[in-house]
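Report on one structure; see the data block that follows.
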């Protein structure tokens, strides 16, 4: 199976006044299509920076990022935006839902950017909400839902463009253990349907549901093991 993601000698340095912060110090990682990977590491290890890099939200100081056989550095801002919308679904710890929009409207947002007509948008969004168990909550706003329900809306939004890659940053971080288990089950289902899933987590129990764990330390890969 071919690599969907290839990171080659990736560094990321930030300047803060006179100080240079070295967030990533030469990362080499290959991820194949339909892998389920957990990214772990202590605070400051570089995992959030790496996640932003994988999601084309940030660019490396040096090194190459090949995404689906395309060199990311050679893409224009418009092409990057299109890839983020079409190829990558994002799930965040804080859900990032728009409070004034209903669940259906929140899920439909990526489809607006891709130019899909309203009826088709609504049909696809309802389908995705049903897939995460919220078919009866389409008209509810975020403040009318529990944390677990909001995260399900966020997952439905991430899936609505049928991306090949799902990036999840601490998706269970704000949830109780029972709700976390339900969300982890959804990610297992997403992976089973053929998606590549990459999840940042600091919870060992959550990471054990992945098939591979990459541990970062001081901006480097500390260990990389297949566990299933």
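Of all residues in region 26-49, count the ones that are buried (at least 18 other Cβ atoms within 10 Å of the Cβ) and either at pLDDT 95 or above or over 21 Å from residue 171 (Cα atoms) (or both).
9
Among the residues of region 118-135, is there at least one that is in contact with a helix residue (DSSP H, G or I) (Cβ under 7 Å, 6 or more places away or on another chain), assigned to a loop (DSSP other than H, G, I, E, B) and surrounded by fewer than 21 Cβ atoms within 10 Å (Cβ to Cβ)?
Scanning region 118-135 turns up at least one residue that is in contact with a helix residue (DSSP H, G or I) (Cβ under 7 Å, 6 or more places away or on another chain), assigned to a loop (DSSP other than H, G, I, E, B) and surrounded by fewer than 21 Cβ atoms within 10 Å (Cβ to Cβ).
Filter region 175-205 for residues that are touching a helix residue (DSSP H, G or I) at 6+ places or on another chain (Cβ under 6 Å) and within 20 Å of residue 50 (Cβ to Cβ) and give the result.
Across region 175-205, the qualifying residues are 197, 200, 201.
If you take the residues in region 99-117 that are modelled with pLDDT of 90 or more and loosely packed, with under 12 Cβ neighbours inside 10 Å, which one is nearest to the chain's Cα centre (by Cα)?
99
Condition (residue is closer than 19 Å to residue 202 by Cβ, surrounded by fewer than 18 Cβ atoms within 10 Å (Cβ to Cβ) and at pLDDT below 90) applied to region 72-81: is it met by at least one residue? Lay out the reasoning, then the answer.
Taking region 72-81 as the starting set, the residues that turn out to be closer than 19 Å to residue 202 by Cβ are none.
No, region 72-81 has no match at all.
Mind checking which residues of region 207-225 are surrounded by fewer than 22 Cβ atoms within 10 Å (Cβ to Cβ), touching a helix residue (DSSP H, G or I) at 6+ places or on another chain (Cβ under 7 Å) and closer than 21 Å to residue 55 by Cα? Explain how you work it out, then say what you get.
Residues of region 207-225 surrounded by fewer than 22 Cβ atoms within 10 Å (Cβ to Cβ): 207-209, 211-213, 215, 217-218, 220-225.
The next check asks that each one be touching a helix residue (DSSP H, G or I) at 6+ places or on another chain (Cβ under 7 Å); those that pass are 209, 213.
If the condition is that a residue be surrounded by fewer than 22 Cβ atoms within 10 Å (Cβ to Cβ), touching a helix residue (DSSP H, G or I) at 6+ places or on another chain (Cβ under 7 Å) and closer than 21 Å to residue 55 by Cα, then 213 is the only one that fits.
The values are calculated or read from the model by the stated rules, or taken from the named source; none is laboratory data. What you are looking at is a predicted structure, and each value in this text was computed from that prediction instead of being measured. Note: ideal-geometry Cβ built from the backbone for every residue, glycine included; neighbour counts use all protein chains shown.
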